[in-house]
Amino acid sequence: MFGSLKITDVYTATEILQDPEKDYRVVSIMSPNHAVRFPNIKEVLYLEFHDFTVEELQLNLVSSPVLATKEHCKQALDFLDKGGDALIHCAVGKRRSTAIALGHLLKHFSVDKAVDMLFSIRSIAEPNTHILQLVCEVLGKTEDEYLGILSTLVHRKLNR
């Protein structure tokens, strides 16, 4: 069953998850050594990787980068597939979390509908392209389909 989906930054996630009435399945994405823990939430998937694309790594901005892997993406999509209301957060709620959220939406809706839903849930969405490419691989999308998704994202962002 596809429940409600929230995408947010870590601070808002912390506030939302303090409400005992809320029962979210949480995907928590943070950089290594900056992870937060939610001890009172029963279903949390903790993922730790930096918010870099392969192209950004060429700038040598960090000495020991940890990139998202296909396994990270598969874990997140499988976890979200268990159903119920979901909250996905990263530090800012803009790139890592929105890439995973878009993958989840793409499992259930057309590209156009999934992208529209993503921007209606999180208007500042700018999915990390490295993570999105991995998500597309997990979903069995071709390179052309991935490029089509990128094109749709850019088109919607420009026309908002």
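What follows is calculated from the coordinates using simple rules that are stated; it is not laboratory data. Remember, predicted model here, so these are calculated numbers, not experimental data. Methodologically, a virtual Cβ is constructed for each residue, glycine included, from the backbone with ideal geometry; neighbour enumeration extends over all protein chains shown.
Just round it to a whole percent: the fraction of Cα-Cα distances in region 2-158 exceeding 25 Å.
24
At a Cα cut-off below 16 Å, give the lysines reachable from Lys157, other chains included and same-chain residues fewer than 8 away excluded.
Lys94, Lys113
I'd like to know which of Val27, Ala13, Cys90 lies farthest towards the positive end of the charge dipole of the chain, counting +1 on Cβ of Lys and Arg and -1 on Cβ of Asp and Glu.
Ala13
With +1 on each Lys and Arg Cβ and -1 on each Asp and Glu Cβ, how big is the dipole of the chain about its Cα centre, in debye rounded to the nearest 20?
With Lys and Arg at +1 and Asp and Glu at -1, about 200 debye.
Considering only the other residues whose Cβ falls under 15 Å of the Cβ of Val44, what net charge follows from Lys and Arg at +1 and Asp and Glu at -1?
Net charge in that neighbourhood comes out at +1.
Can you give me the relative contact order of region 2-158 as a percent, contacts being Cα pairs under 8 Å and 6 or more apart?
After rounding, I find 29 percent.
Hey, with R₀ at 22 Å, roughly what FRET efficiency would Arg156 and Lys70 work out to, going by the Cβ-Cβ distance, to 0.05?
Using R0 = 22 Å, I get an efficiency of 0.30.
With each run of n ≥ 4 DSSP H residues scored as -39500 (n - 2.57), what mean residue ellipticity at 222 nm is computed for the chain after dividing by its residue count and rounding to the nearest 500 deg cm²/dmol?
Taking each H run of at least 4 residues, the total per residue is -13500 deg cm²/dmol.
Going by C-beta contacts inside 10 Å, put Ser31, Ser151 in order with the fewest on the left.
Ser151, Ser31
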